[in-house]
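Presented below is the structure to which this report refers.
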Amino acid sequence: MSEPQRVDPGNRAVRRILGDAVVRHALSRIGLYVFAGVMLVFFALPLLWLVLTPFSRTPAYQITAPSFTLHNFRVLLDNPFALRSIGNSLILAGGTAVLAVVFAGTAAYALSRVRLPGRDALLYAILLLSSIVTGTAAMVPIFLMLFQLNMIDNRLALVLVLTGGLLPSAMFILKDFMDSVPKSYEESARVFGASPLQILRHVVAPVVRPGLATIAVWAIVQVWGNFLLPYILLHDQNKQPAAVIMYTFYDEGGTPNFALISTFSLLYSVPVVVAYLIVNRRYGFRFQGGIKG
Amino acid sequence: MATIELAALEKTYPGGVRAVDGLSLTIGDGEFFALLGPSGCGKTTLLRTIAGLEEATGGSLSIGEREVTRLAPGQRDVAMVFQDYALFPHMTVLDNIAYPLRIKRVARAARHEKARQTGDGLELAELMARRPAELSGGQQQRVALARAVVAHPSAFLFDEPLSNLDARLRLSARTFLKRLQRELGVTTIFVTHDQAEALAMADRIAVMEAGRIRQVGTPREVFGRPANTFVANFIGSTPMNLLPATVTDHRLLLAAGSLPAPSGLGARREVTVGIRPEYLDFSATAVPDALSGTVGIVEHLGTSSLVTLETDGGPIGVVVPEEAEPAAGSTGWAVPRPGRVLLYDNETGDLLPT
Ligand SMILES: Nc1ncnc2c1ncn2[C@@H]1O[C@H](COP(=O)(O)OP(=O)(O)OP(=O)(O)O)[C@@H](O)[C@H]1O
Ligand SMILES: [Mg+2]
């Protein structure tokens, strides 16, 4: 606070204005912190609920200080679909992630290396269309198509549909990574006799690995939370993923079974968090190409 | 080990740039051959066309006994070192060096053994576990060389491998590279825009301009008898003196004096006289058959100095030994050494036979 010292002590008006400024500054600061505090509580409460309620004797909407119990997990294990649905989610998410990385990776590599007229326009068009193709508007056509192909209740079909929805964005992001791989890496491998597939496996893929990992986790998160597509395309409860099964945890009267829902929610969030932590630890998340040697 | 033969080789880029314009050239087995020329003359393009990274749009190319014009790069049995070295950033030095063997499906243990041996020979033994990003420029260059050596190709192609090194390292790398090539005896094409590098290292040099070769010869030939004014200008650390002159009977008349003319040129003809500053001797007293002028700038080159004589026909450079530098402003005479005066045709710029 060196400002007031420079002011002529006799000049009261200036002093008052400066004093006002300080007060206003302090008030706005206080306001900011109060706002941040409220927001924090607002977002932290659900998380708190998520962590505390599974261990509560009387699980409900309220957050109660836990009178600790593991009984709720007993209920979860007794439910015939709960654990299996997590397994189903893992299969769907893993399958989609693998396919998305392989297809988007190869497509992005090709798009980055081959000079096609109108290539960028094509890329943007695909990106734009993709939000339509797997958006709600396309649900009926997709259902009808798979129905006629007799592929309802087919997990592979669902994985393909999910992959298709993710590909455009994945390609778009990965192309940027591919563009940043110096051509001389590949040319040098080519002169030594490496085939295109070998170049992709030995050189390009390892160099863009942070990008591939980002896409994989992103795909997992997308599939994990997807309710509509699996709900429409999988009718067998034994095949349905967690996001769909969760909606069955209500009793006949329509009241939620809190013991089941709270524990299930906790279990449901663990794999995504773990996937995120692993990838973030190893590569850090990046949506831009750029290679650290 | 192989000879490399280019026959009317041509590369026109899709945009219409003719970067290699019908080159014919034979590079001998085991030869260290330099491609020299100003920026944009097509050196890199030529090298890449030989490697197969660019497809030739005309002519043919053979390496050894094989015609390779249409073969993929991997089937041409050459190894290339790129200007940026193109080391794989995610592999250790050992894996980088062993990479060509991995492609040839050599077992892991065997290829690592071979890579270690090669690396030892290039003073890389301590660095085998590092990644390229953890190496200095000179070390990276040696890794790139080791990777090329381990491939055991019939020809090496180097694209300005020394240009990323600092001046001092460049000198030692020159010697190193030349010794390595000599020991291995592998035919080598070496691209550079540094004429000193080409003169120092190459068995033969091709000087290129705009996709064409202007002269092919040993460093001695290219330096001592440039085939045209382009090469004369390009080669040499001090530029060659190129002075207009008129031929009369037995004399060359220049603005700065007259010199004896070689016979058989015909009378009354305009030519350009070329004399390297290194092939002129300085005299502070008047002598016959010399060019005279006023001493202008004196530049120190180390063991000698470059003296610029201001004459009526433009400046003339003369190299004088150290401690024999004349004072600026005095009058001096430049005497060509016997047989060192070259005459160029004014129209074509070509060397006239003398
Ligand atoms: N991919 C390309 N497409 C079109 N023209 C190109 C391409 N690569 C190079 N050229 C052109 O071909 C000519 C020769 O280029 P090249 O890279 O072979 O020159 P260079 O002799 O290696 O130059 P430098 O010493 O600067 O490396 C240049 O005019 C350049 O603009
Ligand atoms: Mg070049």
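Just a yes or no: is a residue in the range B:252-268 of a type in the set (D, E, K, R), in contact with a Gly (Cβ under 8 Å, 6 or more places away or on another chain) and outside any strand (DSSP E or B)?
Step one: filter the range B:252-268 for residues of a type in the set (D, E, K, R), giving B:268.
Narrowing further to those that are in contact with a Gly (Cβ under 8 Å, 6 or more places away or on another chain): none.
Looking through the range B:252-268, none of the residues is of a type in the set (D, E, K, R), in contact with a Gly (Cβ under 8 Å, 6 or more places away or on another chain) and outside any strand (DSSP E or B).
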All-but-one check, B:Thr57 against (1) in contact with a strand residue (DSSP E or B) (Cβ under 6 Å, 6 or more places away or on another chain); (2) within 14 Å of another protein chain (Cβ to nearest Cβ), failing number (2)
Could you pull out every one of the strands (runs of 3 or more DSSP E) wholly within the range B:1-108 that has 3 or more residues that are within 15 Å of ligand 1 (Cβ to nearest atom)?
B:4-12, B:18-27, B:32-36
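Report, by residue number, each residue of the range B:185-202 that is more than 16 Å from ligand 2 (Cβ to nearest atom) and either buried (at least 17 other Cβ atoms within 10 Å of the Cβ) or on the phi > 0 side of the Ramachandran plot (or both). Walk me through it before giving the result.
Restricting attention to the range B:185-202, the residues satisfying the condition of being more than 16 Å from ligand 2 (Cβ to nearest atom) are B:185-188, B:196, B:199-202.
Those that are more than 16 Å from ligand 2 (Cβ to nearest atom) and either buried (at least 17 other Cβ atoms within 10 Å of the Cβ) or on the phi > 0 side of the Ramachandran plot (or both): B:Gly185, B:Val186, B:Thr187, B:Thr188, B:Leu199, B:Met201, B:Ala202.
Listed here are the residues, each with its yes/no results for (1) among the basic types (Lys, Arg); (2) touching a helix residue (DSSP H, G or I) at 6+ places or on another chain (Cβ under 6 Å).
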site	(1), (2)
B:Leu94	no, yes
B:Ala115	no, yes
B:Thr118	no, yes
B:Gly121	no, no
B:Leu169	no, yes
B:Ser172	no, no
B:Phe176	no, no
B:Arg179	yes, no
B:Arg182	yes, no
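When the range A:173-194 is examined, which residues are found to be part of a helix (DSSP H, G or I) and within 14 Å of chain B (Cβ to nearest Cβ)? Can you show your working first?
Of the range A:173-194, the ones part of a helix (DSSP H, G or I) are A:173-179, A:183-191.
Passing the criteria: A:Phe177, A:Lys183, A:Ser184, A:Tyr185, A:Glu186, A:Glu187, A:Ser188, A:Ala189, A:Arg190, A:Val191.
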Do you know which residues across the range A:203-223 are surrounded by fewer than 23 Cβ atoms within 10 Å (Cβ to Cβ), away from chain B (no Cβ under 14 Å) and touching a Phe, Trp or Tyr at 6+ places or on another chain (Cβ under 8 Å)?
A:Val217, A:Val221
Within the range B:77-116, track down each residue that is surrounded by 18 or more Cβ atoms within 10 Å (Cβ to Cβ), more than 7 Å from chain A (Cβ to nearest Cβ), in contact (Cβ under 8 Å) with a residue 40 or more places away in the chain and on the phi < 0 side of the Ramachandran plot.
B:Val81, B:Leu87, B:Met91, B:Val93, B:Asn96, B:Ile97, B:Ala98, B:Leu101
Going through B:Arg70, B:Arg18, B:Arg66 one at a time, which residue ends up being more than 14 Å from chain A (Cβ to nearest Cβ), touching a residue at least 60 places away in the same chain (Cβ under 8 Å), surrounded by fewer than 18 Cβ atoms within 10 Å (Cβ to Cβ) and of a type outside the set (Asp, Glu)?
B:Arg18
Tally the residues that are within 13 Å of ligand 2 (Cβ to nearest atom) and surrounded by fewer than 16 Cβ atoms within 10 Å (Cβ to Cβ), restricting the search to the range B:43-63.
0
Across the range B:12-42, what is the total count of residues that are within 12 Å of ligand 2 (Cβ to nearest atom) and over 15 Å from B:Arg204 (Cα atoms)?
6
Condition check for B:Leu46: over 14 Å from B:Asp159 (Cα atoms), touching a residue at least 24 places away in the same chain (Cβ under 8 Å) and away from every other protein chain (no Cβ under 14 Å):
no
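We did not get these values from a lab; they are worked out from the coordinates using the rules stated. For clarity, every value in this text was computed on a predicted model and none was experimentally measured. Please note: Cβ atoms are built from the backbone with ideal geometry, for glycine as well, and neighbour counts cover all protein chains shown.
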